[in-house]
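Would you mind keeping the following structure in view while I ask a few things?
The values are calculated or read from the model by the stated rules, or taken from the named source; none is laboratory data. What you see is a predicted model, and the numbers here were worked out from it, not measured in a lab. Cβ sites come from the backbone with ideal geometry, for glycine too, and all protein chains shown count toward neighbours.
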Amino acid sequence: MPYAKIMRAFRIKSLYIKASEKFYLGGVMKYYKSFLLASVFSSILIPASLSAVRPDSDELARIIVSQRACQVAVVDQKPLAQSGWFSSFRQKTGNVLRWFGDVLRTEEDSRTAAGHAKQMAKDAAVKALSSKTGLLFLDQKVLNPFGNALRNVGQRIKGGKETQTETRVILDNLELNRSSKNADVENALRTVAAASLKVDVTTAIKTYEDVVLGLNKRGFSTKNLGTEQIYLDALARQTLVKNSNTSYKDFSGEMFAHGMPVLKKMNGIKNASDDGVKLNRMNDYLLKAFERENTQIRVNAARNSAVAAS
């Protein structure tokens, strides 16, 4: 066969292979993008299964203690090492989707430098998402579930399991889902407040506030639930249950010692005109809490005595 014919045949075969590869990869990527978009929307729209029974405060306290005991050994549980371009592509895609989901679902304080930077990243992400999908993502009620869906899909693509942080373990054990009502979220917060105080009163505020933030990121609104009062009620109850003969002076001292950061955020207190007015309002609130919880303790004691006598 003449040299020219051989080269012509070789070029035709090369062009055919390149065209086939382009057609195949284009089809794969088109299918992959469709699958990805469908997975995200199904994660948002498909109702969650019914929740299991939520643990009580004693059980949740044991879970927190157990998690803290093994926290030193907690690391990212990554999938088995794999080689090849597809494995690397899957890892990178999963990480990008998780990052994108984090940006979309996070509400930051733009008054700080870090918050301003994160808000700018979020605005850019929302703009890019809107231009790609033709949808307008203007409301946090839309951004939070969409961001969570992106994180979930990214984790599935990446493989492995998320790092089991203390906050994530607590949130998972609360057994809340997309069908949960405000009353369910409020009851869950009461359980978290009581459990965190039983574990360690000095770290309880941080544990509780991390869970509140985590709930917001997962799409559960806590703005109208009075999260500060839920925590302070739990602290007041624990303080008086430990010693039913506690005087108001000792009670208020305990509340100031372990609840001041939350007390300052209470409605009507945080916006007080001066420190004197703020302190008076704090004392008014604490006196009412002292009387209310003591009354409830006496009612519970009478009920238990009646049940035992029957």
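Take segment 171-185 and flag every residue that is part of a helix (DSSP H, G or I), among the charged types (D, E, K, R) and within 18 Å of Lys223 (Cβ to Cβ).
Asp184
When segment 196-221 is examined, which residues are found to be of a type in the set (Ser, Thr, Tyr) and over 17 Å from Ile63 (Cα atoms)?
Scanning segment 196-221 gives Thr202, Ser221.
Part of a helix (DSSP H, G or I) and modelled with pLDDT of 70 or more: which single residue out of Val142, Val72, Val96, Val126 fits that description?
Going through Val142, Val72, Val96, Val126 in turn, just one is part of a helix (DSSP H, G or I) and modelled with pLDDT of 70 or more: Val96.
Here is a further query. Just checking, which of Ala257, Ala289 is more than 20 Å from Leu225 (Cα to Cα), within 30 Å of the chain's Cα centre (by Cα) and modelled with pLDDT of 90 or more?
When all the criteria are applied, what remains is Ala257.
I've got another one for you. Given the options Lys223, Lys206, Lys270, name the one that is in a loop (DSSP other than H, G, I, E, B) and surrounded by 12 or more Cβ atoms within 10 Å (Cβ to Cβ).
Matching residue, one of Lys223, Lys206, Lys270: Lys270.
Of the residues Val307, Val262, Val241, only one is among the aliphatic types (A, V, I, L, M), in a helix (DSSP H, G or I) and buried (at least 16 other Cβ atoms within 10 Å of the Cβ); which?
Working: Val307 fails: buried (at least 16 other Cβ atoms within 10 Å of the Cβ); Val241 fails: buried (at least 16 other Cβ atoms within 10 Å of the Cβ).
Matching residue, one of Val307, Val262, Val241: Val262.
Another question, then. Search segment 143-168 for residues that are farther than 12 Å from Arg90 by Cα and pair each with any residue that is acidic (Asp, Glu) and at pLDDT 75 or above when their beta-carbon atoms are under 6 Å apart and the residues are at least 6 apart or on different chains.
What qualifies is Thr167/Asp210.
Shifting gears a bit: Within segment 193-229, track down each residue that is in contact with a Phe, Trp or Tyr (Cβ under 6 Å, 6 or more places away or on another chain) and of a type outside the set (S, T, N, Q).
Hits for segment 193-229 are Ala193, Tyr208.
Looking only at residues that are touching a Ser or Thr at 6+ places or on another chain (Cβ under 7 Å) and not β-branched (Val, Ile, Thr) in segment 181-199, which one is surrounded by the fewest Cβ atoms within 10 Å (Cβ to Cβ)?
Of all residues in segment 181-199, those touching a Ser or Thr at 6+ places or on another chain (Cβ under 7 Å) come to 185, 189, 191, 194-196, 198.
Imposing the further condition that a residue be not β-branched (Val, Ile, Thr) reduces the set to 189, 194-196, 198.
Working: Leu189: 23, Ala194: 24, Ala195: 27, Ser196: 27, Lys198: 18.
Here the residue is Lys198.
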